[in-house]
Amino acid sequence: MNTAKRRTVIAGNWKMNFTPAEATSFINAVKPLVAGKDNCDIVFCAPYVTIAAAQAAAEGSNIHIGAENVHFAEKGAYTGEVSAKMLRAVGVDYVIVGHSERRQYFAETDYTVNLRTKAALAEGMKVILCLGEVKEQRLAGITNEVVAMQTKLDLADITAAELKNVIIAYEPVWAIGTGLTATPDQAEETIAVIRATLAEIYGEATAETVTIQYGGSMNEKNAAELLAKPDVDGGLIGGASLVPEKFAAIVDAAQ
Ligand code: 13P
């Protein structure tokens, strides 16, 4: 697990799950299980319409509620989108940007991911920036090149001061929702490449301070060995973030 230099962040990505009532029951169930577990930050990123219910249930606890995406414009003719300013106005301080499902199903590119990241940072939000290779890229032996390129493009024109509010989630796309997990060594090696790329851009000292999570079928069974790796600073969890006991077990593994 990561050193005192970096904060461990265990975050759930609920994706398109949970009505407001379901989110309330979930938070009420998970809250006592993670109470006092302060060796990591705990975040759930919720669909826009369930954010208010999740926030109300989480009030006064160590649970933060985030969003799953944000648009890059401040306002205007962007039907269906939500701006960083709107999220801030309802007290949201974390947001996922660049999730592979957004890239795959909604045509987001490194360019728009960069714009969205900048917009969220400009509003003082913490961004969980997702990147990772697809199966064909891993099989072709170009994972390192892919993640280095994504790191550079997604963080283009982002300053070292702004980077303090960026958490990177390394999510190999072939491991998302498939039950396949990167081995702890694969996670460690690829995260080390991302960190080396950050060092190229921002210098080694700054790179050492950036929290880099692993995501992709992380669960209550494999979390401890993934989090034991020195460069794995937490997890971004999909399926297992929908079950209070499973999520709480991952938080326990991070203590
Ligand atoms: P799973 O944990 O369901 O594989 O999802 C990972 C993910 O996409 C988190 O953002």
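The values are calculated or read from the model by the stated rules, or taken from the named source; none is laboratory data. It should be emphasised that the depicted structure is a prediction, and the values quoted were computed from it without experimental measurement. So basically every Cβ, Gly included, is an ideal-geometry build from the backbone, and we count neighbours across all protein chains shown. Side chains included, ligands, DNA and RNA excluded: accessible areas come from the protein's heavy atoms. Shrake-Rupley method; radii C 1.70, N 1.55, O 1.52, S 1.80 Å.
At q = 0.32 Å⁻¹, work out log10 I(q)/I(0) for segment 125-168 with the Debye formula, treating every Cα as an identical point scatterer and leaving solvent out; two decimals please.
Normalising to I(0) and taking log10 leaves -1.12.
If you stretched the chain out fully between Leu180 and Ala107, how much longer would it get, using 0.36 nm times the residue separation minus the C-alpha to C-alpha distance? Don't skip to the answer; put the middle values down first.
Details: separation 73, 0.36 × 73 = 26.28 nm, distance 2.44 nm.
Between Leu180 and Ala107, full extension yields an extra 23.8 nm.
Using Cα springs under 10 Å in a Gaussian network model of the chain, which residue among Thr178, Thr190, Thr151 shows the largest mean-square fluctuation?
Maximum fluctuation in the GNM of the chain, among the listed residues, is at Thr178.
Taking R0 as 25 Å, what's the FRET efficiency between Glu200 and Ala122 from their Cβ-Cβ distance, rounded to 0.05?
The pair Glu200/Ala122 has a calculated efficiency of 0.55.
Indicate the helices, whole DSSP H runs only, in the chain that combine a mean Kyte-Doolittle hydropathy of -0.5 or more with a Cα extent along their long axis of 24 angstrom or more.
184-202
Of the heavy-atom accessible surface of segment 13-161 (probe 1.4 angstrom), what whole percent is carbon and sulfur?
58 percent
Counting only protein heavy atoms and using a 1.4 Å probe, what share of the accessible area of segment 164-255 belongs to carbon plus sulfur, as a whole percent?
53 percent
I need the Kirkwood Rh of the chain: take the reciprocal of the average 1/r across all distinct C-alpha pairs and report it in angstrom. Before the final figure, lay out each step's value.
Values: mean 1/r = 0.0557 Å⁻¹.
The answer is 18.0 Å.
Do any of Lys164/Lys221; Lys5/Lys31; Lys118/Lys152; Lys31/Lys164 go past 22 Å between their Cα atoms, and which?
Lys164/Lys221; Lys5/Lys31; Lys31/Lys164
Separation between the Ala77 and Ala52 pseudo-spin-labels, each 7 Å from Cα along Cα→Cβ, expressed in nm?
Those two pseudo-labels are separated by 2.9 nm.
Normalised by the number of residues in segment 176-255, what is the relative contact order in percent for Cα pairs under 8 Å and 6+ residues apart?
After rounding, I find 32 percent.
What does the extension gain come out to for Lys37 and Ser25, with contour length at 0.36 nm per residue minus their alpha carbon separation?
Full extension of this stretch gives 2.3 nm more.
Provide the per residue accessible area, probe 1.4 Å, for segment 10-128, rounded to a whole number of square angstrom. Mind dumping the intermediate values first?
On the way: 5350 Å² over 119 residues.
Heavy-atom accessible area per residue stands at 45 Å².
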